Amino acid sequence: MSKTNNKLNFINIHSHSTENRDGIVIYNALNINNIPKAEENFYVSTALHPWYLKPELWNNNIKEYEEVIAHENIIAIGECGIDLNINIKADIQKTIFTNHLHWADKYNKPLIIHCVKAHNEIISLKKKANVKQACIIHGFNNNINIARQLLAAGFYLSFGEALLHNSSNAATTLKIMPLDKIFFETDESEHLVKEIYEKAAILLNISIEELIKQIQTNFKKIFIKE
């Protein structure tokens, strides 16, 4: 797996597309039987997504998932987490997410977290597991108070398409964020990550070059560990 160079690259830490590659991207593989090979500027993450904790879709084979996550081809564990909007029991989700927290430290890999109406639960489980690896809430579009709670608990926040809407919680929250605690992503959006960076630079009142350098520094610290 190649390391990032000194070139200024847009970094997209969470994408479900193998085609949309304007810079460096972490592709999220939802199917552990179809993991693409990592290559220059293209990395892979995978995990048990809370939406798919159903036997007919995933088999819930924890050992099998751990073996895949442990592979050097996987740069991050995710997306995993808790979603209290779905019809899967919270206790089951918490148990599976706790497994991922332990794997993060065991395999020295950061977590990319799906969190819907469950920030209190996510914070509590992270604290209980005493996880040392970086934990990133992906697609953050919640209010400033929740952002501050997550920051105080040591989380990073990743912002996506919601930033393009001036009235969104994401656009408001980004303005109060420490620069060393942010990332950007496209998730399932058809927008380029470049567009999200451009809007973020305006919201933060900094140059696009300064923003790219900062995210590159964050990325190397957490994902590459140079």
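Run the dipole for segment 1-131 about the Cα centre, Lys and Arg Cβ at +1, Asp and Glu Cβ at -1, nothing else charged, and hand back the magnitude in debye, nearest 20.
Working: 14 positive and 14 negative charges, 85 e Å.
It works out to roughly 400 debye.
Could you state how much accessible area Ser207 has, in square angstrom rounded to the nearest 10, with a 1.4 Å probe and all protein chains kept in place?
50 Å²
Taking every pair of alpha-carbon atoms in segment 32-118, give the share separated by more than 22 Å as a whole percent. The partial results should precede the final answer.
On the way: 853 of 3741 pairs.
The calculated P(r) of segment 32-118 puts 23 percent of pairs beyond 22 Å.
Ignoring everything but the protein chains, give the 1.4 Å probe accessible area of Asp180 in square angstrom, nearest 10.
80 Å²
Rounded to the nearest 500, what is the chain's calculated 222 nm mean residue ellipticity when only DSSP H runs of at least 4 contribute -39500 (n - 2.57) each, over all residues? Display every interim value, and only then the final one.
On the way: 8 runs with 80 residues, N = 226.
Here the helix-only value at 222 nm equals -10500 deg cm²/dmol.
Could you pull the Cα extents of the chain along its three principal axes, largest to smallest, in whole Å?
Principal axes ranked by extent give 46, 38, 31 Å for the Cα atoms.
Taking 0.36 nm per intervening residue step and subtracting the Cα-Cα distance, what contour gain separates Glu40 from Leu204 on full extension? All intermediate terms of the calculation are to be shown ahead of the outcome.
Working: separation 164, 0.36 × 164 = 59.04 nm, distance 2.96 nm.
Length difference between fully extended and current span is 56.1 nm.
Rounded, prolate or oblate: which one fits segment 126-204, using the alpha carbon gyration tensor with axes a ≥ b ≥ c (rounded when a/c is under 1.5, else prolate when a/b beats b/c, else oblate)? Walk me through the intermediate numbers first.
On the way: a/c = 2.15, a/b = 1.65, b/c = 1.31.
Verdict is prolate for segment 126-204.
To the nearest 20 debye, what charge dipole does the chain have about its Cα centre, counting +1 at the Cβ of each Lys and Arg and -1 at the Cβ of each Asp and Glu? The partial results should precede the final answer.
Numbers: 24 positive and 25 negative charges, 181 e Å.
Computed charge dipole of the chain: roughly 860 debye.
Which longest run of the chain has no exposed loop site in it, a site being trypsin sites (Lys or Arg not before Pro) in a DSSP loop with at most 12 other beta carbons within 10 Å, and the site itself not part of the run?
Numbers: sites that count: Lys3, Lys7, Lys37, Lys89, Lys117, Lys132, Lys175, Lys225.
Within the chain, the longest run free of exposed trypsin sites (Lys or Arg not before Pro) spans 38-88.
Calculate the spin-label point distance for Asp91 paired with Ala70, positioning each point 7 Å from the Cα along the beta-carbon direction, and give it in nanometres.
That separation, rounded to one decimal, is 2.9 nm.
Using a 1.4 Å probe and ignoring any ligands, DNA or RNA, find the accessible area of Phe140 and quote it in Å² to the nearest 10.
10 Å²
On the protein heavy atoms, probe 1.4 angstrom, tell me the percent of accessible surface of segment 137-201 carried by carbon and sulfur.
On the way: 1170 of 2740 Å².
Carbon and sulfur atoms account for 43 percent of the accessible area of segment 137-201.
Tell me, what is the FRET efficiency for Leu151 and Asn61 to the nearest 0.05, using R0 = 35 angstrom and their Cβ-Cβ distance as r? Walk me through the intermediate numbers first.
Numbers: r = 35 Å, r/R0 = 1.00.
That pair, Leu151 with Asn61, gives E of 0.50.
Keeping all protein chains in place, calculate the accessible area per residue for the chain (probe 1.4 angstrom), answer in Å². Mind showing how you got there, number by number?
Details: 10690 Å² over 226 residues.
That works out to 47 Å² for each residue.
Mind checking which aspartates and glutamates have their C-alpha under 19 Å from Lys181, skipping anything on the same chain fewer than 8 residues away?
Glu79, Glu161, Glu198, Glu209, Glu210, Glu226
From largest accessible area down, sort Trp103, Trp51; use a 1.4 Å probe on the protein chains.
Details: Trp103 10, Trp51 110 Å².
Result, largest first: Trp51, Trp103.
Just grab the label-to-label distance for Asp105 and Lys220, each label 7 Å out from Cα along the Cβ direction, in nm (one decimal).
If labels sit at Asp105 and Lys220, their model points lie 2.8 nm apart.
How high is the relative contact order of the chain, in percent, counting Cα pairs under 8 Å that sit 6 or more residues apart? Before the final figure, lay out the partial values.
Numbers: 414 pairs, mean separation 43.3, N = 226.
Dividing the mean separation by the residue count of the chain yields 19 percent.
Using label points projected 7 Å from each Cα along Cα→Cβ, tell me how many nm separate Glu190 and Ser167, to one decimal.
2.3 nm
The values are calculated or read from the model by the stated rules, or taken from the named source; none is laboratory data. A quick note: this is a predicted structure, and the numbers were derived from the prediction, not measured. In this analysis, Cβ positions are derived from the backbone assuming ideal geometry, glycine residues included, and neighbour counts consider all displayed protein chains. Calculation scope for accessible area: heavy atoms of the full protein, side chains included, ligands and nucleic acids excluded. Shrake-Rupley method; radii C 1.70, N 1.55, O 1.52, S 1.80 Å.
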